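Read the structure below first, then the notes.
Values in this text are rule-based calculations from the coordinates and carry no lab data. In this text the structure is predicted, and so the values were computed from the model without any measurement. Note that we place each Cβ from the backbone using ideal geometry, even for glycine, and neighbour counts take in every protein chain shown.
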Amino acid sequence: MGAKQTKAAGQEAGSSPQSTGWKRTPTKERGDILTSIMLRSGDRLRSSGTPPPYQRRIGMIQEMMLMAKQGKHDEATEMLKTLRQDLGMESTSLDDVLYRYASFRNLVDPITHDLIISLAKYIHCPKTEGDALGAMEKVCRQLTYHLSPHSQWRRQGLLKRKPQACLKSVLSSPPSSATLELSGIPLGVKDMERLCAYLHHHASRIGSVEMGFTELTDDAFLLLLPTLASLPRLETLALNGNRMTRAVLKELTDTLKDPDSFPSVTWIDLGNNVDIFSLPQPFLVSLRKRCPKQGNLPTILEFGESQASEAKRTYKASLPICPAPASHSTLLEPSSL
């Protein structure tokens, strides 16, 4: 119902929403619109249950852009508010978004916050000159790209097969490089025993483990944690885009306090999970102790291709997290933007 109402409203707004300005939709329709986005965001994964958080967030971004194109300022503002809350930016004040979060030192994902700040500027302070909607659409594409599995993670032909066959293929031979690439392969609790055995067997060769967008849960990760912590050469661990919650932070932080655990780790990505929005100070201190030669330990943002913004200057050298490896440097959509 909500989808049809949205489409109809767009037709009434005319073919040039920029020339007619942003229009308002009756309050009674807003609930239908918000309900429709929550339903449609999970259509692709309905057969497997509740979609992972990144699917829901991408759906919100796409719906917000559609509302902006249709001139629905109020609805786009409400959707941005909902998206901010889902990403842990619970403030409803634009000033708080611009200043409080820009100076927050423990952010898990400063890039997402930077892009949300840009969206807030476009929605709360719309420009009348130039292609304002085009600029906003570019930010939405950047944010969508950052919160979704990267195209280079879709190995040719591999992810088209059944998940178990895919995992079996990866674990059937030693890692071709120092990286164990599991991104995009669904991993459940029942897979942890096999994965732990593989990691133990090849412990001396593994320097990076990529498990982004694998639908990893707290229970599965905690089963894997002791094995990951014992890897002598592990430097980077990507756990982004999963179903993990902040409940795992205590176990992970306690593990990092032990200098014999994760002896070589310099960077752990926990972004885009369920509700892990900031990191405990002991977590950051433990990471810093493991890479003292990094000086100020610049943020991941410096190594991305993020748009120039005031927030970038604020983030620079403020977050005590080791820099991302080269494979994570291209975080925003490349030349197509």
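FRET efficiency for the residue 86 to residue 200 pair, using the beta carbon distance and R₀ = 51 Å, is estimated at 0.85.
Please state the shape class of the stretch 157-290: rounded when a/c is under 1.5, otherwise prolate if a/b exceeds b/c and oblate if not, all from the C-alpha gyration tensor. Don't skip to the answer; put the middle values down first.
Numbers: a/c = 1.96, a/b = 1.34, b/c = 1.46.
Note, shape of the stretch 157-290 comes out oblate.
Only lysine pairs 8 or more places apart, or on different chains, with alpha-carbon atoms under 29 angstrom apart are counted in the stretch 157-290, and they number 8. Peptides 65-76, 239-250 ranked from most to least packed by the mean count of surrounding Cβ atoms within 10 Å: 65-76, 239-250.
Label the stretch 164-243 by shape, choosing from rounded, prolate and oblate, from the square roots a ≥ b ≥ c of the eigenvalues of the Cα gyration tensor; if a/c is under 1.5 it is rounded, and otherwise prolate applies when a/b is larger than b/c, oblate when it is not. Rounded, because the longest to shortest axis ratio a/c is under 1.5.
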